[in-house]
Structures are given as C-alpha cells and as structure tokens.
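Down below is the structure, laid out as structure tokens.
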Amino acid sequence: MKFLRFAFLTVFILSCAAVAFGQKSLCALKEAPEFRGFHLGMTLLEVRGQLEDTTLFDINTPSGATGSHAVRISAAELKEKLAEGIDEINLAFVDGKLAVIKVTYNGAMTWTNAQDFLTKVSETLGIPKPAAPDSSRSRGNEKYKVECKTFAVTLAYAFGNSPNFTINDLAAQKLADQRKGDEGEVRKVIISPNTTRRP
C-alpha cells in the first residue's frame, strides 16, 4: 500500500512539474524549420543577403570565422517582404554558421490569446501543434517547446513581452558551451525566448 501511495505521489509531482513549466513536445522532424529565408546553418554572407541595410550587421560581425557571437537585426534592416509583422530578429552564430534564430513580433500581428498564437505559429513553422491548455490555468503566459534530435523550437506568449519564438541548433549550442568550459575564451551565446526587449 505504501508503494502505491509513493508511486501515485511521484506521478502527481511529475504532472505538476509539467504543468508548471509549460507544454513540451517531442518530434521526429529531421530539419529545423525555416522562417522567411532564415534557417539554421546559414553563413554570414547568406544572412547578409537577406538584409536591406547591412550597415549595423557589418559593424557587429567579427572578421574571424571562429567563435560565437550574436547580432540583433531590426525590421527596418530587413528586406521589406521579410519584415511584415516583425519587430526584430536576433541571430547567434557559432563558427560563422547560424545557430540560433529568435523572432519577435510587433503589434501589427495579433492573436486572440496565447493558444491562438501557439497554434498558428506552430503551423507556420511546420512543427507539431500544442495540445489545448487547461482553461482554468491559462492566463496569457504560455510557453511551448518542441525538442527534436538536432534542434529545439520554443514559442513564448507572455504579458509584458512581445510574442516570440526561438529556433536553436542543439549541437552548436553544446559546442559553444564546451569551448567556454575548456578555454574560457568563447562566451556562451543564449537567446532566451523570455528575454525582454531593450528599448
């Protein structure tokens, strides 16, 4: 009887933890999604080709091909057809290859609620759709993560932050983390889905 109570308690705690940390889904996709021409593995030159104004990109891009660095691209710097509904795109590179894409939407894009955002953006990106949340706990602060073998996608919809999503190359992030630990020279580059936008 004690074993059954312990097993029930363990299952309950794990269930509560899953609810507390938001929805999470595993997937079998082999390639990370692309967003308006941006995809993991792009070179600096390929990313530069997506920009209307390359001035800030050129200033913020280091000359060497190794290491990790991040670049913020405002909608004004993007080609017009790519900028619709976008406030900014944050990109992180590892050894000259695109490793993280974070897209933040502006007020022109509207969703009725968090679930509408999660469902529509999941569909746009071609990732598995989230299950419907329990309406008693849904208060507009939702996060949904899809973990695949080589990448992860996180969608975030929260009060005080613009809706956004992040596509992360897991192998590149691991490499950057290892270098930081081994050499202490390459800084860890993290673009969190819940990072507040700077004015």
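Structure values in brief
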{"item": "Neighbour net charge for Lys30 - beta-carbon separation under 15 angstrom, K R +1, D E -1", "result": "-3"}
{"item": "Residues Lys30, Lys120, sorted so that the one with the fewest Cβ neighbours within 10 Å comes first", "result": "Lys30, Lys120"}
{"item": "Least to most buried among Ile127, Ile86 (fewest other Cβ within 10 Å first)", "result": "Ile86, Ile127"}
{"item": "Long pairs among Lys97/Lys180; Lys97/Lys120; Lys30/Lys102, criterion Cα-Cα beyond 22 Å", "result": "Lys97/Lys120"}
{"item": "Lys145, Lys97, Lys174 arranged by Cβ crowding within 10 Å, fewest neighbours leading", "result": "Lys174, Lys97, Lys145"}
{"item": "Gain upon complete extension [Asp116, Leu56; 0.36 nm per residue less C-alpha separation]", "result": "18.2 nm"}
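Values quoted throughout were computed directly from the atomic coordinates according to the rules given, and no laboratory measurement underlies them. Treat the numbers as computed from the prediction; the structure is a model and nothing was measured. FYI the Cβ positions are ideal-geometry reconstructions off the backbone, even for glycines, and counts take in every protein chain you see.
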